[in-house]
């Protein structure tokens with residue numbers, strides 16, 4: 001009997017479990033939404049206990065669907081990156097709400113570090129910029145502002161980690177690790193160092209003893225407690241969601257590039273074994289680590305993508321469903337001059353303006369739901385265009401782009417990206433490549449395949465293509481209107 005692969009895909013707005021056959025075929029999925037807490041403007045929190053309980057419930061549903069834990073070969077975990085959990089390593093209970101990657105409360109501290117001249121050295125070591133997006137400043141904030149976290153730090157019982165660390169701890173009953181892809185997003189791990197750095201921990205005032213051991217992305221990371229699923233299941237794959245999607249897209253050779261359009265938009269280009277550098281405010285990051293050897297990526301991160309459509313639907317009531325945007329976009333010839341700059345959580349790469357706020361420009365009495373919906377989708381292509389220029393300036397020019405994520409299922413948006421970039425765009429028939437990448441790593445870690453190349457060739461499905469078809473004058477006018485609106489943001 002061929003056993004199945006269970007993937008826990010813990011995202012920003014929901015958590016889910018997916019069941020895969022060893023050939024990569026998706027066999028089932030269970031999903032639950034997560035409560036978003038917004039205690040103040042610019043602050044975003046999650047309940048780590050809710051994340052655990054809902055992830056566990058989804059996992060149990062898939063284990064039952066598989067016929068029991070004995071029919072699961074291994075577990076792969078992929079997760080929202082940069083989000084920070086503080087818990088007591090003795091009791092296993094969270095000590096505060098988790099600070100989500102979108103949270104901007106540490107912007108002032110980042111500015112202080114910049115003014116003190118630290119950014120150049122931090123970027124040289126970690127590949128990252130001084131921005132509230134990353135985990136290190138969030139950890140510092142929790143230690144300084146939450147009495148229970150501070151007390152645990154003093155007592156030596158504090159555990160700090162990103163979401164994969166939290167889930168592995170809960171699943172195994174105490175393992176404290178952080179995979180290299182997630183660890184590289186903390187500001188605490190030099191890209192060329194095996195473990196978290198003493199000097200960086202001191203700079204960000206993070207107690208190093210609270211952090212887990214940095215590990216590979218495929219391997220033996222422990223087994224689940226028998227009582228969780230009826231029998232222990234080995235955990236053999238761990239990876240941050242954007243790195244996971246890059247692997248799931250088969251971007252295993254230098255130069256291959258993918259873009260994931262989910263809550264945010266994240267573009268990664270494989271840079272091989274050479275530590276990447278950027279003169280255009282892109283990020284260097286660990287793509288994956290095998291047997292202590294790292295493959296790196298150059299990354300551009302956009303904070304608002306699908307969450308813009310969610311905002312139009314839930315906060316403004318302009319949409320009934322997210323999929324309605326495609327019908328509305330096709331119902332008109334253009335956006336009527338409407339341009340949306342979705343800087344609700346500041347601007348990410350290549351601008352890095354944490355205090356920027358969203359702009360809707362070009363409104364008139366002719367503006368209706370269709371124009372705003374189309375402008376929201378066009379914003380995805382506009383932001384991708386800015387990143388394409390930055391990658392090219394860093395010597396990583398794209399010749400094509402592989403896209404995935406929930407928003408990429410929108411055919412109109414996929415074609416618009418191809419048009420504005422003037423590049424072919426590839427989209428797999430199975431767009432949930434984040435989960436697929438974690439399944440590929442888990443398969444490698446469990447010995448079901450000999451290499452990621454083998455996993456890619458056997459587990460990835462069919463590919464669709466979008467060919468550019470926009471006149472250059474139209475493209476230039478779109479870019480000019482975007483740049484004007486961007487200046488206002």
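Taken together, the values in this text are just the output of simple stated rules run on the coordinates, not laboratory data. Please read these numbers as outputs of a predicted model, since none were measured by experiment. No Cβ is skipped: glycine too gets one built from the backbone with ideal geometry, and neighbour counts run over all protein chains shown.
The peptide list 313-321, 475-483, 369-377, 46-54, put in order of mean Cβ contacts within 10 Å with the highest first, becomes 369-377, 46-54, 475-483, 313-321. Going from the fewest other Cβ atoms within 10 Å to the most, the residues 440, 459 appear in the order 459, 440.
Taken along the Cα-to-beta-carbon direction at a fixed 7 Å, the label points for residue 467 and residue 31 span 3.2 nm.
With a Förster radius of 41 Å applied to the beta-carbon distance between residue 154 and residue 14, the computed FRET efficiency rounds to 0.70. Is the C-alpha gyration tensor of segment 223-364 telling us rounded, prolate or oblate? Criteria: a/c under 1.5 is rounded; beyond that, a/b larger than b/c is prolate, otherwise oblate. Oblate shape, in that a/c is at least 1.5 and b/c is the bigger or equal ratio. Angle of helix 433-445 to the longest C-alpha principal axis of the chain, folded into 0 to 90 degrees and rounded to 10: 30°.
Between residue 60 and residue 118, the simple label model (points 7 Å from Cα in the Cβ direction) yields a spacing of 4.3 nm. In terms of its C-alpha gyration tensor, segment 4-240 has a prolate overall shape, because the principal axis ratio a/c (a ≥ b ≥ c, square roots of the eigenvalues) is not below 1.5 and a/b outweighs b/c.
Short-range pairs are left out: with C-alpha atoms under 8 Å and at least six residues apart, the relative contact order of segment 1-83 is 39 percent. Its residue count N fixes a reference of 2.2 N^0.38 Å for the chain, and the Cα radius of gyration divided by that reference is 0.93. This ranking places 334, 23, 88 by how few other beta-carbon atoms lie within 10 Å of each, fewest first, which gives 23, 334, 88.
Legend: calculated FRET efficiency, residue 454 to residue 194, from the Cβ-Cβ distance at R0 = 25 Å, rounded to 0.05, equals 0.40.
Footprinting exposure proxy ranking of 126, 434, fewest other C-beta atoms within 10 angstrom first, gives 126, 434. From helices alone, the chain scores -11000 deg cm²/dmol at 222 nm; the rule is -39500 (n - 2.57) for each run of n ≥ 4 DSSP H residues, then divide by the residue total. Tell me whether segment 159-232 comes out rounded, prolate or oblate; compute the Cα gyration tensor, take square roots of the eigenvalues as a ≥ b ≥ c, and use a/c under 1.5 as the rounded threshold. Prolate, because a/c is 1.5 or more and a/b exceeds b/c.
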